[in-house]
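The values are calculated or read from the model by the stated rules, or taken from the named source; none is laboratory data. Source: prediction; values computed, not measured. Here the Cβ positions follow ideal geometry from the backbone for every residue, glycine too, while neighbour counts run over all protein chains shown.
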Amino acid sequence: MKHTEFKRIRDELMITVRHELTIEKIKKSGRSIPKGLQKPSKNTSDDVLRFCRDAVNAKKSNDRFTVELTVDELFVIASKTLRCPICGCALDYQRGIHCRKNNGASLDRKFNENVVNKDNVWVICSKCNTTKSDRTIDEFIEYMRTCLRNLDAAS
Ligand SMILES: [Zn+2]
């Protein structure tokens with residue numbers, strides 16, 4: 001077996017194993033498994049890598065950003081992020097960076113800075129990214145608290 005083939009299969013296995021471990025952890029905690037997590041992820045390491053390349057290139061082609069993030073660094077982050085850290089849905093890396101499907105993976109700048117590096121990005125779902133928009137994490141949390149307060153008051 002060629003080394004690259006071995007690496008690809010190993011990466012795919014790691015992604016599957018991580019998914020299984022996440023399910024196991026949720027089951028042990030007694031919580032119910034979020035809907036998007038019930039089916040095993042179909043993302044392959046090639047899907048994740050393509051997403052990373054496209055996402056880094058898209059940021060690079062935008063004059064607003066100084067991109068220090070490399071494809072390899074993003075790949076390390078993305079292959080550990082199989083579900084959206086905000087809503088918990090299973091991320092879909094297969095449909096590329098322009099996927100507007102609810103659980104399509106998307107690269108988000110946590111603090112909305114113009115310098116993009118491995119410390120200020122994360123991968124969240126397209127729907128959460130649309131909702132978060134240009135808010136920082138703190139602004140987004142404050143926004144959600146306000147929404148809850150207003151909805152509580154209205155009910
Ligand atoms: Zn989400």
What is the residue count in the stretch 88-106 for residues that are at pLDDT 90 or above and away from the ligand (no atom under 13 Å from the Cβ)?
1
Checked the stretch 57-69 for anything in contact (Cβ under 8 Å) with a residue 24 or more places away in the chain and either touching a strand residue (DSSP E or B) at 6+ places or on another chain (Cβ under 6 Å) or of a type in the set (Ser, Thr, Tyr) (or both); matches are Lys59, Phe65, Thr66, Val67, Leu69
Note down all Cβ pairs under 9 Å where the first residue falls in the stretch 119-134 and is of a type outside the set (Phe, Trp, Tyr), the second is within 10 Å of the ligand (Cβ to nearest atom) and part of a helix (DSSP H, G or I), and they're at least six residues apart or on different chains.
Ile124/Lys132; Cys125/Gly36
Just checking, how many residues over the stretch 87-109 are buried (at least 18 other Cβ atoms within 10 Å of the Cβ), more than 16 Å from Ile77 (Cβ to Cβ) and hydrophobic (A, V, I, L, M, F, W, C)?
2
Residues located in the stretch 62-87, provided they are within 13 Å of the ligand (Cβ to nearest atom), part of a loop (DSSP other than H, G, I, E, B) and farther than 16 Å from Ile137 by Cβ
Leu82
Qualifying residues in the stretch 110-142 (those that are in a helix (DSSP H, G or I), within 15 Å of the ligand (Cβ to nearest atom) and surrounded by fewer than 14 Cβ atoms within 10 Å (Cβ to Cβ)) - the one farthest from the chain's Cα centre (by Cα):
Ile141
